[in-house]
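Remarks on the structure that follows.
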Amino acid sequence: MCLFCKIANHEQDTDIVYEDEAIIVFKDINPKASVHLLIVPKKHIDSINELEEVDKELMSDMIFLAKKLALENKISKSGYRLTFNVGRGGGQIIDHIHLHLIGGGKINE
Ligand code: AMP
Ligand code: ZN
C-alpha cells in the first residue's frame, strides 16, 4: 500500500486538517509556504495520467475543497498556488494523485 493510502486508512500518522468519505487533507511535512496542504482522494490513482471519466466529480470536488480551505486559511485574497505534479519530470515523488494548496507569504520554489 502506498504512503498516501496508508494515511487515508489512518495507518500512518500525519497532521490531518479535513476528511470526508472520499477526500483527506493533511499538512505537507516539508511546507513551501506558511500554508501547504495536500488534498488527496482516498481512491488510489497514480497521477493525472491515469484519470478516467468516472473521476471527474472527484477532481472537481478537490478543487472546490481547495477554494474553501484557501478561504478558511485566509489566503484567498493574497493568493495561492494549486499544483498537480505529474511524473518524475513534473516533480511527482508520491505516486498517489494529490493537489498541493500553497500560499501565505513567500512561496519557496
Ligand atoms: P509530490 O512531489 O507532488 O509527489 O509531493 C509529495 C509531497 O508529499 C511532498 O511535498 C512531501 O513533502 C510530502 N510528504 C511526503 N511524505 C509526507 C507525509 N508523511 N506527510 C505529509 N506530507 C508528506
Ligand atoms: Zn495510494
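Key figures
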item: Dimensionless Rg over Rh [region 63-109; C-alpha; Kirkwood]; result: 1.02
item: Cα-based helix-to-principal-axis angle, 56-72 vs the chain, degrees rounded to 10; result: 30 degrees
item: From phi via Karplus (6.51, -1.76, 1.60), per-residue ³J(HN,Hα) for region 77-85 in Hz, x at Gly/Pro; result: 6, 5, x, 7, 10, 10, 10, 10, 7
item: Karplus-derived HN-Hα couplings along region 39-47 (A = 6.51, B = -1.76, C = 1.60, θ = phi - 60°), whole Hz, x at Gly and Pro; result: 9, 10, x, 5, 5, 6, 10, 4, 6
item: 222 nm mean residue ellipticity, helices alone, for the chain (DSSP H n ≥ 4; -39,500 (n - 2.57); rounded to 500); result: -6500 deg cm²/dmol
item: Top of N30, N73, N49 by mean-square fluctuation, Gaussian network on the chain, Cα under 10 Å; result: N30
item: Debye intensity ratio in log₁₀ form over the Cα atoms of the chain, taken at each q of 0.15, 0.16, 0.21 Å⁻¹; result: -0.61, -0.70, -1.22
item: Binned Cα-Cα distances of region 1-62, short to long, each 10 Å bin given as a whole percent; result: 20, 51, 27, 1
item: Choice from V54, V35, V25 with maximal GNM fluctuation in the chain (Cα, 10 Å cutoff); result: V54
item: Greater than 28 Å apart at Cα, pairs in K6/K106; K32/K77; K27/K77; K27/K106; result: K6/K106
item: Cα-based Rg / Dmax (Å) for region 27-71; result: 12.1, 34
item: In order through region 19-27: 3J(HN,Hα) via Karplus (6.51 cos²θ - 1.76 cosθ + 1.60), integer Hz, x for Gly, Pro; result: 7, 9, 5, 10, 9, 10, 10, 9, 6
item: Cβ charges +1 (Lys, Arg) and -1 (Asp, Glu), total dipole of region 3-103, debye; result: 620 debye
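FYI, it's all coordinate maths here, none of it is from the lab. Treat the numbers as computed from the prediction; the structure is a model and nothing was measured. Every residue, glycine among them, receives a Cβ derived from its backbone with ideal geometry; neighbour counts consider all protein chains shown.
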